[in-house]
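Colleague: Okay, here's the structure, questions in a sec.
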């Protein structure tokens with residue numbers, strides 16, 4: 001090599017055998033596309049065996065980073081909108097497994113009579129996808145599903161989604177820093193035909209939701225009924241109830257919607273008031289029709305919203321503003337709570353005045369509005385006092401081949417039973433998942449209380465995050481903006497892991513303990529703690545509350561950015577500064593040059609900070625300054 005021509009010395013007219021400075025004799029490689037690197041540098045590790053990597057800052061590890069997303073409902077759709085664009089240059093691979101034959105999650109599954117969102121349509125939209133063509137103020141499940149399905153089709157998300165695939169198990173392999181995931185694909189139309197396989201991934205994002213594992217009521221004889229038996233989450237779309245005798249079991253949100261919707265069609269309706277419940281003002285009632293009723297947008301209104309996105313956006317913000325103010329009614333012994341109680345009391349007493357026995361059974365005496373999820377009327381009270389309805393007190397004793405047996409032993413023959421009896425709200429995953437402790441599944445860890453970190457992750461379960469997990473604000477307004485917030489949070493975590501070469505992270509046990517302590521100390525001040533049976537307390541009357549301790553806006557503040565000090569973090573190199581690598585940043589070798597970004601960022605001028613000031617377009621622009629020549633371009 002030393003006999004080769006040293007072009008640099010030759011250019012300066014220096015003899016090639018000259019020896020000066022600290023460099024050995026050349027020629028030497030140049031840092032053109034990457035920094036110079038010599039293999040011998042890797043042969044000098046630290047006392048701990050640490051070797052400096054040859055990567056540049058912002059370059060991820062060479063091995064790809066595979067993400068398994070569970071569910072192609074709203075959460076999965078939101079992540080698939082943001083992630084491919086923002087993670088495209090970080091070696092990230094994404095696959096989304098959906099257990100159903102189509103996307104849409106709960107809005108694909110739930111098609112029972114009257115199924116609709118009780119949040120105004122304009123607020124039940126992704127912040128990044130306006131829908132000026134909502135047909136009504138409150139949308140049906142089918143229209144919401146169509147909205148989500150159209151996004152999947154428009155953005156080509158199906159290339160990431162595999163349908164009729166569900167996760168069977170997940171086990172963390174700490175030696176490989178990967179999850180081993182078992183997947184099952186159910187073949188269409190074949191109840192018992194499926195295939196299973198195992199695969200590895202670096203992160204699991206659980207977007208399966210918390211209201212998708214529906215449960216049948218535990219009523220003796222339910223399997224002996226020979227008529228048509230439905231759960232609201234599995235109702236046969238298009239089923240004709242006309243002139244049928246129908247029993248609706250359950251008086252939660254889905255039960256109230258079902259009773260309201262089927263009453264005009266059926267010949268006879270039986271339903272039960274097993275416990276007291278408030279029938280409340282509609283969510284977003286100020287902008288709804290009279291008495292909080294639904295209404296249809298006119299073609300002219302929809303055309304205006306289509307033509308003027310800013311008008312639609314202002315409308316959206318005004319409704320969202322009202323929803324964000326609702327949390328004040330949740331505080332016990334507040335004027336806002338008292339007003340909510342008084343409004344509901346007047347509504348119920350007025351509409352049930354002809355049926356004082358029903359009013360007496362329904363009117364809560366020891367808990368306030370909001371203790372359970374708000375249940376707007378939408379015709380429910382009118383159906384209860386209707387001549388075709390028989391409201392029965394107490395519980396159901398049993399179910400026979402022909403009908404339902406009430407508490408007093410009377411049998412009521414029916415053609416159809418619709419069970420609006422809710423879901424498993426324990427938050428325990430439906431499949432076994434094992435983290436750092438191979439003997440402790442998450443379901444067992446959460447047997448008493450699903451303790452989480454801010455509702456999104458669990459100590460001891462690395463690289464595992466959840467949308468809508470325990471303690472997220474699922475009762476404080478539309479969940480869709482929250483999903484976008486969480487996608488942003490998770491993407492920031494993924495970027496940090498890739499750029500800083502993190503192999504695994506999970507919340508510190510102390511962070512989970514502190515958060516749980518805060519929630520347990522805070523939540524007794526809310527009406528959620530009143531003695532009502534609610535899925536807020538995992539279906540109990542006096543159990544632990546699994547709610548976000550504050551308003552929805554407080555959740556946005558808490559999760560604006562990840563607080564990595566709350567996480568246990570391990571690095572591939574075992575050195576937290578291993579990401580510094582070769583000592584160069586990747587953009588130092590890219591064009592256009594970005595290596596003066598800080599001058600724009602810290603300039604104090606918003607337009608420079610936002611757009612950056614281009615330079616180096618004309619390398620000779622300032623060369624004549626020493627001779628008194630003005631620059632060739634002058635821009636203010």
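Each value in this text was obtained by applying a stated rule to the coordinates, not by laboratory testing. Note that the structure is a prediction, hence the values are computed from the model and not measured. Cβ sites come from the backbone with ideal geometry, for glycine too, and all protein chains shown count toward neighbours.
Colleague: Taking the alpha-carbon centroid of each part, what is the distance from segment 580-623 to segment 20-46 in angstrom?
Modeller: Answer, in whole Å: 27.
Colleague: While we're here: When the convex hull of the Cα atoms of segment 358-464 is projected onto a plane and the area is averaged over all directions, what value comes out in nm²?
Modeller: Values: hull surface 46.0 nm².
Directional mean of the projected Cα hull area for segment 358-464 stands at 11.5 nm².
Colleague: Can you show me the helix-derived [θ] at 222 nm for the chain, built from DSSP H runs with n ≥ 4 at -39,500 (n - 2.57) apiece and divided by the number of residues, rounded to the nearest 500.
Modeller: Taken over the chain, the calculation gives -7000 deg cm²/dmol.
Colleague: With 10 angstrom as the radius, rank 175, 93 by how many other C-beta atoms surround their C-beta, starting from the fewest. Before the final figure, lay out the partial values.
Modeller: Details: 175 5, 93 13.
With the sparsest Cβ surroundings first, the list reads 175, 93.
Colleague: On to the next question. Rounded to the nearest angstrom and ordered from largest down, what semi-axes does the equivalent ellipsoid of segment 270-425 get from its C-alpha gyration tensor (root of 5λ)? Write out the running numbers ahead of the final one.
Modeller: Numbers: eigenvalues 253, 89, 44 Å².
In descending order the semi-axes read 36, 21, 15 Å.
Colleague: Quick one: grab Rg to one decimal and Dmax as a whole number for segment 280-357, Cα atoms only, in Å.
Modeller: Computed over the Cα atoms of segment 280-357, radius of gyration and Dmax are 16.6, 52 Å.
Colleague: Follow-up. Can you compute the FRET efficiency between residue 411 and residue 149 using 1/(1 + (r/R0)^6), with r the Cβ-Cβ distance and R0 = 45 Å? Round to the nearest 0.05. Spell out each step's value before the answer.
Modeller: On the way: r = 44 Å, r/R0 = 0.97.
Calculated value: 0.55.
Colleague: State the Cα centre-to-centre distance between segment 58-104 and segment 222-261 in whole Å.
Modeller: So the two Cα centres are separated by 37 Å.
Colleague: Reported to two decimal places, what Rg/Rh ratio describes segment 576-634 when computed on Cα atoms with Rh from the Kirkwood expression? Walk me through the numbers on the way to the answer.
Modeller: On the way: Rg = 15.7 Å, Rh = 14.2 Å.
We get a ratio of 1.11 for segment 576-634.
Colleague: Could you list the residues of segment 456-473 with an amide nitrogen less than 18 Å from a label point located 7 Å from the Cα of residue 496 in the Cα-to-C-beta direction?
Modeller: 456-467
Colleague: In whole Å, how far is the Cα centre of segment 505-574 from that of segment 148-221?
Modeller: 26
Colleague: Per the Kirkwood treatment, what hydrodynamic radius in Å, one decimal, follows for the chain from the mean inverse distance over all distinct Cα pairs?
Modeller: Values: mean 1/r = 0.0349 Å⁻¹.
One decimal place: 28.6 Å for the Kirkwood radius.
Colleague: Using the number of other C-beta atoms within 10 angstrom as an exposure proxy, rank 446, 145, 197 with the fewest first. Spell out each step's value before the answer.
Modeller: Numbers: 446 17, 145 22, 197 11.
Arranged by neighbour count, lowest to highest, 446, 145, 197 become 197, 446, 145.
Colleague: Could you work out Rg/(2.2 N^0.38 Å) for segment 504-620, with Rg from alpha carbons only? Walk me through the numbers on the way to the answer.
Modeller: On the way: Rg = 24.1 Å, N = 117, 2.2 N^0.38 = 13.4 Å.
So segment 504-620 has a normalised radius of gyration of 1.79.
Colleague: I need the peptides 493-503, 468-478 ranked by packing, meaning the mean over residues of other C-beta atoms within 10 angstrom, with the highest value on top. Spell out each step's value before the answer.
Modeller: Values: 493-503: 20.1, 468-478: 23.0.
Packing order, densest peptide first, comes out as 468-478, 493-503.
Colleague: Express in nm, to one decimal, how much length is gained between residue 193 and residue 176 on full extension, taking 0.36 nm for each residue of separation and deducting their alpha carbon distance. Before the final figure, lay out the partial values.
Modeller: Numbers: separation 17, 0.36 × 17 = 6.12 nm, distance 3.24 nm.
Length gained between residue 193 and residue 176: 2.9 nm.
Colleague: How would you rank 490, 577, going from fewest to most other Cβ atoms within 10 Å of each one's own Cβ?
Modeller: On the way: 490 24, 577 12.
Listing 490, 577 from fewest to most nearby Cβ atoms yields 577, 490.
Colleague: May I ask you to derive the FRET efficiency for residue 36 and residue 608 from their Cβ-Cβ distance with R0 = 25 Å, giving the value to the nearest 0.05?
Modeller: 0.15
Colleague: For segment 62-165, what ratio Rg/Rh do Cα atoms give with a Kirkwood hydrodynamic radius? Kindly include the intermediate steps, with their values, before the conclusion.
Modeller: On the way: Rg = 14.8 Å, Rh = 14.6 Å.
We get a ratio of 1.02 for segment 62-165.
Colleague: Pop the C-beta distance of residue 354 and residue 541 into the FRET formula with R0 = 25 Å and round what comes out to the nearest 0.05.
Modeller: Working: r = 30 Å, r/R0 = 1.22.
Between residue 354 and residue 541 the formula returns 0.25.
Colleague: Place a label point 7 angstrom from the Cα of residue 488 along the Cα-to-Cβ direction, then list the residues of segment 463-482 whose backbone nitrogen is under 19 Å away.
Modeller: 466-469, 472-474, 476-482
Colleague: If you don't mind, there's one more thing I want to ask. Under a crude label model (7 Å from the Cα following the beta-carbon direction), how far is residue 430 from residue 373 in nanometres?
Modeller: About 1.6 nm separates the two model spin labels.
Colleague: Given labels modelled 7 Å from the Cα in the Cβ direction, how far is it in nm from residue 443 to residue 616?
Modeller: Modelled inter-label distance: 5.7 nm.
Colleague: Rg over Rh of segment 472-548, using C-alpha atoms and the Kirkwood radius, what does it come to?
Modeller: Working: Rg = 16.3 Å, Rh = 15.0 Å.
Ratio value, two decimals: 1.09.
Colleague: By per-residue mean of other Cβ atoms within 10 Å, what is the highest-first order of 163-170, 201-208, 596-603? Working shown, then result.
Modeller: Values: 163-170: 19.4, 201-208: 23.9, 596-603: 11.6.
Ranked by mean Cβ neighbours within 10 Å, highest first: 201-208, 163-170, 596-603.
Colleague: Based on the alpha-carbon set only, what is the convex hull volume of segment 408-457 divided per residue, in Å³?
Modeller: Numbers: hull volume 8.5 nm³, N = 50.
Per residue, the Cα convex hull of segment 408-457 comes to 170 Å³.
Colleague: If you don't mind, another one. What share of all Cα pairs of segment 246-317, in percent, falls into each consecutive 10 Å distance bin?
Modeller: In order of increasing distance, the bins hold 15, 31, 27, 18, 9 percent.
Colleague: Next up: So for the pair residue 290, residue 333, with labels modelled 7 Å out along Cα→Cβ, what separation do we get in nm?
Modeller: It is 4.1 nm.
Colleague: Scaled to the compact-protein estimate 2.2 N^0.38 Å, what is the alpha-carbon radius of gyration of segment 25-65, rounded to two decimal places? Don't skip to the answer; put the middle values down first.
Modeller: Details: Rg = 13.1 Å, N = 41, 2.2 N^0.38 = 9.0 Å.
Cα-based Rg divided by the globular estimate yields 1.45.
Colleague: Figure the gain on full extension for residue 522 and residue 10 (residue separation times 0.36 nm, minus the Cα-Cα span) and round it to one decimal in nm. Mind dumping the intermediate values first?
Modeller: On the way: separation 512, 0.36 × 512 = 184.32 nm, distance 7.65 nm.
Answer, rounded to one decimal: 176.7 nm.
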